[in-house]
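The values are calculated or read from the model by the stated rules, or taken from the named source; none is laboratory data. Computed from a prediction, not measured in an experiment: that's the story for all the values here. All Cβ positions, even for glycine, are placed from backbone atoms using ideal geometry, and neighbour counts span all protein chains on display. Side chains are part of the model used for accessible areas, which takes the heavy atoms of the whole protein and leaves out ligands, DNA and RNA. Shrake-Rupley method; radii C 1.70, N 1.55, O 1.52, S 1.80 Å.
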Amino acid sequence: MMNFFGAFLAFLLGAAIAAVNYGFSRFVLRKHPEKFTLTPVLRMVLQVGYLAAVFFLAPYTPWDRLWLLVGACLGVTLPMIGFTYRLVKLNDQVHGKEDPSDG
């Protein structure tokens, strides 16, 4: 039962990181769209850094490493489904719809 709590905490922190990544991507897309291609690099560094921190700091917690990693991975990944949809909609609003002849 305790492992579920640790996984839930890791999920919440991962979801917060996903929200920060979304906010950063949204800001760049609105204010500096020409630099948007650089955002995945920063987002990946933040996500991988979080997962590495969970992996290496897990022995210092009362929870099992596997449960923490599962919670962290789900927390980073699941919210991005909705955030990606929002970013695509924002991109369409900012830059217009894609031309059908683009493939």
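When the chain is treated as a Gaussian network with alpha carbon springs shorter than 10 Å, the biggest mean-square fluctuation among G71, G23, G82 belongs to G82. Measuring nothing but protein heavy atoms, the accessible surface of the chain at 1.4 Å probe radius is 71 percent carbon and sulfur. Taking V28, V45, V70 in turn, the Gaussian network model of the chain (Cα-Cα springs below 10 Å) assigns the largest fluctuation to V45. If R0 equals 30 Å, the separation of the Cβ atoms of L9 and M44 corresponds to a calculated FRET efficiency of about 0.85. On full extension, the segment bounded by Y85 and Y60 gains 5.3 nm, given 0.36 nm per residue less the C-alpha separation. Take every Cα pair under 8 Å whose residues are at least 6 apart in sequence, average their separation, divide by the length of the chain, and the relative contact order is 45 percent. Counting every C-alpha pair in the range 19-88, the share spaced more than 13 angstrom apart comes to 68%.
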